[in-house]
Amino acid sequence: MGNPVTGKRVYRHSIAARASHWLWTLAMLVLVMSGLQIFNAAPYLDASDKSNPAKRVLIIGASESAADPQRVTGLTKILGHTFTTTGALGYTDDGMGGKAERAFPGWATLPGEQDLADGRRWHLFFGWILTLAIVVYLVAGAVRKDLRDLVLRPSDVPKLLPMQLYYLRLRKEPPPHGTYNPLQKAAYTVVLFVFVPLIIVTGLALSPGIDAIASPLTALLGGRQFARLWHFSLMVLLIGYFLTHMVLVFATGPWNNIRSMITGFYILGDHEGVGP
Amino acid sequence: MKRRLFIASSLGVLGLTGCTTSFKDALTQGPFRNVLTSVENLNHAVIGTRGSARLYTEADVDRDFRTNGLDTPSDSTYAGLAKDGWSRYKLVVDGLADHPQALSLAALRALPLQTQITRHDCVEGWSAIGKWRGVRLADVLAMARPKAGARYAIFSCFDRDEQGTYYYESLDLTQAAHPQTLLALDLNDAPLDNDHGAPVRLRIPTQLGYKSAKWVSRIELASTFAGAGGGKGGYWEDQGYEWYAGI
């Protein structure tokens, strides 16, 4: 196709955007791993204010065989359905070279071994780092007007389906778009303005000191245990976003994509443009 | 050059995910640990002791209130006092005080009693709701008349762990003066039982549960908590948990 700008080198990401992007990538990694460490201390989620076993939607546990106490099975119960998850969840590596009854394995938690105190230290520190990185990104994006290109607009909505059809190879060409395609805009908008703010807010809501200052916030979320359930669910959604992001980074010219997030410069491909 | 940077950063991320134990050893001791833990002061400054814990109704109360942590004290002093129905128990309030006190349960119950139905938030992540009744810590401390240099109240407890280390806790006088900070005597309309901290326990609904020390025997007013226990202000604090437990 004769796209007049194909091959053109454009300055796409400001230094603030690049720095904050990598900073929150690191923060997210630490927050997920230390968060799983914290989850392990009470490996269940309740859809209620206070703890209530009758409203438990997730339990990650273990059961010892009656005949042979050495034989332990990891069990994960989601919405009443039980799955055997030995090795992956419930009965897993203890982070010290052995096996233990713990929800998430040592390789996925920070620190590796069971250590709630240090897990909390990491989590509360990098919670600030994530918040700082997002604020820097949004402020810089607003000042430089880069966010205009990224935020989903009503006029993008009719283009969402054609774009999905293009990804599914059911359509030859993507709908015309600027710097980001409509599906990208939808994903970035939801992550930046819904998922990330909500994961910060739900995390804050489960702290007693914050609850004392902003009781309506915790109450709105359904209470402390519910806030914990939302916080965990948002983590799952963000991991889902991250995996999709990785697939698309690598499927759409990994070197061009990654370089643009390091140097700022991006080389436009077919169908690609600049602007909103 | 850029490629080398990319490879280096990839290796960094791999190192982070791959060997968390050695990573932890490298980063959770020394200067980085100080950076990591300093955020506690920021959280304390931002959240502080503002606000009041939400009050619940009778219908929300957990009749079988969960217990956690150390067991009922095996201490012989404690067992002796319990056997006599706490008639010989005296809550000592001393240290930097102009009028040190030794208060019997009857003397405590003669003070104005506050009832609060509040949620107990454990650092592990679970929570339970109890109906607490007791005296405001501020009232008890006022009786002892803290001296000008008093900044902390340090709580000694009857229980100790397998190594013989006694449980203790500490609060600054701002948290101690919070109107919902109680010396609880009753839980769910009955005097505290031995598992729940009889005869007197702290009740601090605006901080995590480990601050609400059970089996309190003595309150010492002091200018610093550095001399108590392991020096970090509490049994769990000595094991790495935050002294400011509002988050």
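The values are calculated or read from the model by the stated rules, or taken from the named source; none is laboratory data. All figures in this text were calculated on a predicted structure; none of them were measured in a lab. Cβ: placed from backbone, ideal geometry, glycine included. Neighbour counts: every protein chain shown.
A few remarks follow.
- Residue within region A:96-116 that is basic (Lys, Arg), within 14 Å of chain B (Cβ to nearest Cβ) and part of a strand (DSSP E or B) present: yes
- Residue count, region B:118-149 (criterion: buried (at least 20 other Cβ atoms within 10 Å of the Cβ) and more than 11 Å from chain A (Cβ to nearest Cβ)): 11
- Remark: pairs (first residue in region B:134-147, more than 14 Å from B:Arg203 (Cα to Cα); second residue charged (D, E, K, R); Cβ separation under 8 Å; 6+ apart in sequence or on different chains) = B:Ala144/B:Asp94; B:Ala144/B:Asp98; B:Arg145/B:Asp98; B:Pro146/B:Asp98; B:Lys147/B:Asp98.
- Count of region B:53-91 residues, restricted to those that are modelled with pLDDT under 90, away from every other protein chain (no Cβ under 14 Å) and surrounded by 11 or more Cβ atoms within 10 Å (Cβ to Cβ), is 5.
- Selection over region B:223-239 of residues that are exposed (fewer than 14 other Cβ atoms within 10 Å of the Cβ), closer than 21 Å to B:Phe158 by Cβ and in contact with a strand residue (DSSP E or B) (Cβ under 8 Å, 6 or more places away or on another chain) gives a count of 0.
- Residue in region B:226-245 that is without any contact (Cβ under 8 Å) to a residue 12 or more places away in the chain and of a type in the set (A, V, I, L, M) present: yes
- Every residue from region A:72-97 that is more than 26 Å from the chain's Cα centre (by Cα) and modelled with pLDDT of 90 or more: A:Val72, A:Thr73
- Counted residues, region A:152-200 - those being more than 21 Å from the chain's Cα centre (by Cα), assigned to a helix (DSSP H, G or I) and of a type in the set (Gly, Ala, Ser): 1
- In region B:181-194, the residues that are on the phi > 0 side of the Ramachandran plot and at pLDDT 95 or above form Cβ pairs under 7 Å with partners that are surrounded by 16 or more Cβ atoms within 10 Å (Cβ to Cβ) and of a type in the set (Gly, Ala, Ser), at six or more places apart or across chains, as follows: B:Asn188/B:Gly130.
- A single member of A:Pro69, A:Pro43, A:Pro53 is farther than 30 Å from A:Gly264 by Cβ, surrounded by fewer than 16 Cβ atoms within 10 Å (Cβ to Cβ), within 14 Å of another protein chain (Cβ to nearest Cβ) and of a type outside the set (Val, Ile, Thr), and it is A:Pro53.
- Residues considered: A:Gly203, A:Gly222. Of these, the only one that is assigned to a loop (DSSP other than H, G, I, E, B) and either within 20 Å of A:Pro43 (Cβ to Cβ) or more than 10 Å from chain B (Cβ to nearest Cβ) (or both) is A:Gly222.
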